[in-house]
1. Tell me, what is the percent relative contact order of the range 207-327, built from C-alpha pairs under 8 Å that lie six or more residues apart?
2. So how do 284-296, 61-73, 254-266 stack up, highest first, on mean other-Cβ count within 10 Å?
3. Taking only the alpha-carbon atoms of the range 186-286, what semi-axes of the equivalent ellipsoid follow from 5 times the gyration tensor eigenvalues under a square root, in whole Å, largest first?
4. Cβ under 12 Å from Pro194's Cβ, Pro194 left aside: what net charge do those residues give with Lys, Arg +1 and Asp, Glu -1?
5. Grab the other residues whose beta carbon is less than 9 angstrom from that of Cys301, score K and R as +1, D and E as -1, and report the net.
6. Just name one of Asn269, Met241, Ser253: the one whose Cα is farthest towards the positive end of the charge dipole of the range 207-327 (beta-carbon charges, Lys/Arg +1, Asp/Glu -1).
7. Using the Cβ atoms and a cut-off under 14 Å, what net charge is assigned to the surroundings of Glu185, where Lys and Arg are +1 and Asp and Glu are -1?
Amino acid sequence: MKLVFVTAAVAMGRSIPVLAHYQSMFNGAFETGIFQDIYETSASSTRVPEFKSLSRRTQGTLSQKCLNEISDIEENDVFKTINFSCAGVKQWMGEDGTYVVVGDYRSCDTSELEAFCVTNPNYQSIKIPDRKYTCAPFGREIPFPHELYYYDDFACVGKSCPSDGYTLEDYFSFSQVKSSVCTLEYLKEGEEPPQEPVANFTGTLSQECREGTDIAHDDFTYKNITSTLDDDVACAPTSYMSGNDAITVRDLSKGCDSSELRAFCDGSNYQSLEIPNLKLSCPGNSTFYYLNMVDCVDTSCPSDPSTWTIQDLQFILRGGQVCYLEFMEEGEEPPPRPKAAKTAKSTKSSKLVKGGKSNKAVKADKTVKTDKTVKTDKAD
């Protein structure tokens, strides 16, 4: 689960900050080579499922049928479980404050994913030229500029989609990178992305602990388990506005069953670690609260959470250089969610009940029927 940040919204396999497997905290992952739906998520709602609302939002040439087929492929259960991890997929915050995402698939084994495309008679695999997205800050979700580089990339599309001849606008129409804040250009031959800065670790964790924890977080079973947790409504983060602040809270004690994750950690040469409650303050008045979290770390790491320093947890947080991480004080709680505004009550009107009579008329009838004086008169 590594604390990761930004997308989709904000979170990514090893991106900006949220405990790694909770990629939906910011919603998304660049690990698939597709900048998912960061831009489809509001501060007050859960994320929109990837590709659920693909449409011709740009002046592309793709038909709606083609876009619908791409959406169907992304929702295919087999497609979702394909093991595709790659050391060439990286994210980091540059010294100039630009967030950099690199999807370099030149040294990756994508054979299983490509086989899924070419063996299905309704699908086809298309090569996508090396490209770069340059994006401006996007509100509170991504309050800093970001660049995305992709090399030797491909996509699985439906048979109704063209096999070649795609325009820049076409790539925008199904990549879900928002064209209103991003520009797209093809990379020149030999053009490489910026170099990832060497991390200057100042915590107390040993190199063995850090390397073993990285291995745990790259484990395919771990990724499947944490992906399932991401899709569980009980484990999902909640987001809301508190004054001018965008608040996101993830609390695993609110009905979320993390037993499978704990069992995997403790039975796979790793160990589960109870993460102290954390608060992450980021640019754009965005604050993230992590409550009652658990994650896998190497067995060589300290087992007592109280010995982990902020710098140690920053290692798990990955990419939070532009944010301020701190322990929550005892008894500290996230700001309360604002109560929904009360709507004006409409004037009550007489409701008709059986027989077309109003409530008042029925009550009057009952009064007459139970009036003993009336019955006595009849007896006389």
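No value in this document is a laboratory result; all are computed from the given coordinates. Predicted model, so just to flag it, every value in this text is computed and none were measured. We place every Cβ from the backbone using ideal geometry, glycine too, and count neighbours over all the protein chains shown.
1. Relative CO of the range 207-327 lands at 27 percent.
2. On the way: 284-296: 21.5, 61-73: 17.7, 254-266: 16.0.
Packing order, densest peptide first, comes out as 284-296, 61-73, 254-266.
3. 27, 25, 17
4. -4
5. Charge balance in the 9 Å sphere: -2.
6. Met241
7. Here the charged neighbours net out to -2.
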